[in-house]
Amino acid sequence: MNILVTGSSGLIGSEAAEYFDGQGHLVIGLDNNMRREFFGAVGDTTWNLERLKCRTKNFRHYAIDIRDRNSLVSLFEQNRFDLIVHCAAQPSHDKAKDIPLIDFEVNALGSINLLEFTRRHCPEAVFIMMSTNKVYGDAPNEKPLRELTTRWEYADTADYEGIDESCRIDRTLHSIFGASKVAADVMAQEYGRYFGMKVGIFRGGCLTGPGHSGVELHGFLSYLVKVAIESRTYSIYGYKGKQVRDNIHSHDVIRAIEQFAANPRCGEVYNLGGGRGNSISIIEAIDSVEQITGRKITWLYDEQNRKGDHICYISDLRKLQSHYPGWSITRNLENILEEIVESQLRVANRA
């Protein structure tokens, strides 16, 4: 196949590029390293691009901005793609409030550019839209919760598996980032349903893995490990540090994409995270990282929670698993943390 991956130097994009290249497909990656612009030098993904160049055989990189229609038109005219994996985004819940126009241009306008050029030039292609659980805004916080020693937990046993795709995405506080991703998410659904295109929308929980360039504003586990290894101070914002996230390794994300691409649907939406088994609170994660690294983490607590933040979010994976029974979580939380720690230690030792 000819495969286009946007955001190819990021966590999911690089995993997709390496995975599909390893299967012998031609992979064209788009990434103009805007993560450095968003987060400074600590967010620079050049290291990941260089890693990809060393480890792939059929990977070609282009520093194209997905807002640049002229460059995209030229790319689509010169290449006929069988699969588009759209990962490029402004990814930070917090950063978006400082750059709302750029956030919307990248997340919403960039996405419709890719959808439209796919429709015009390769309408039979499978289009994967990497969305986010932030499209639900703070609606999941309306679930009744109970406070345990180290985490918040759903009070109703009917919610045990987590948040499913029926959770509403309007009449709720999203954050600016969440709102721009709603626009992209709904437009991707529309291209699938209105035009009959093979579009799959994956609403990610905490996507993670060793390929993550974690920063304070984005990349929970990666950044926490980095803080531990560099003996820095971690900041916890609100909810007593008991807010819960479910974490999924980038490899399992790509396996879900692969399953969908083999048997696509038109405009289907799936929640994609680590599920109940890979859920963890911040203070539980701090304890786990301390045990793995043998280093004590210094942290500060701020009573003010991040605006629109989830208190307890676990992805209900039952819809995805019912449509694609060949897919399951293969990397548990302990494996994920050990892999991130090993990767971060290698970086620290090189420095």
Expected max-MSF residue from Cys312, Cys54, Cys266 in the GNM of the chain (alpha carbon, under 10 Å) is Cys54
For Ser131, other-chain or 5+-apart residues with amide H closer than 5 Å (H placed, Pro excluded) are Phe202, Arg203, Gly204
Quick shape summary for region 84-129, equivalent ellipsoid via Cα gyration tensor, semi-axes whole Å in descending order, reads 25, 10, 5
Helix 11-22 sits off the longest principal axis of the Cα atoms of the chain, rounded to the nearest 10 on a 0 to 90 degree scale, by 50
The chain, Gaussian network, Cα under 10 Å: of Ser279, Ser322, Ser288, the residue fluctuating most is Ser322
For the chain, averaging the sequence separation of alpha carbon pairs under 8 Å that lie six or more residues apart and dividing by its residue count, the contact order in percent is 18
DSSP beta bridges in the chain: the antiparallel percent, rounded to 5, is 15
Percent relative contact order for region 210-331, counting Cα pairs under 8 Å at least six residues apart, stands at 39
Tilt, helix 110-121 to longest principal axis of the chain (alpha-carbon atoms), in degrees rounded to tens, equals 30
Hydrodynamic calc, the chain: Kirkwood Rh from Cα pairs, then Stokes-Einstein at 10 °C with viscosity 1.306 mPa s, so D in µm² s⁻¹ is 78
In degrees, nearest 10, the alpha-carbon axis of helix 282-293 is tilted away from the dominant principal axis of the alpha carbons of the chain by 90
Cα-Cα longer than 30 Å, checked against Lys134/Lys198; Lys57/Lys181; Lys240/Lys319; Lys242/Lys296; Lys181/Lys296, kept in input order, equals Lys57/Lys181; Lys240/Lys319; Lys181/Lys296
Going residue by residue through region 202-208, the Karplus relation 6.51 cos²θ - 1.76 cosθ + 1.60 with θ = phi - 60° gives ³J(HN,Hα) values, rounded to whole Hz and with x marking Gly or Pro, of 10, 8, x, x, 8, 8, 8
With every protein chain kept in place and a 1.4 Å probe, the chain has an accessible area per residue in Å² of 42
For the chain, the accessible surface attributable to carbon and sulfur atoms (probe 1.4 angstrom, ligands and nucleic acids excluded) amounts in percent to 48
Expected field for Arg346, accessible surface area in Å² at 1.4 Å probe radius, rounded to 10, holds 120
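The values are calculated or read from the model by the stated rules, or taken from the named source; none is laboratory data. Not measured: the values here are computed from a predicted model. Heavy atoms of the whole protein, side chains included, go into the accessibility calculation; ligands, DNA and RNA do not. Shrake-Rupley method; radii C 1.70, N 1.55, O 1.52, S 1.80 Å.
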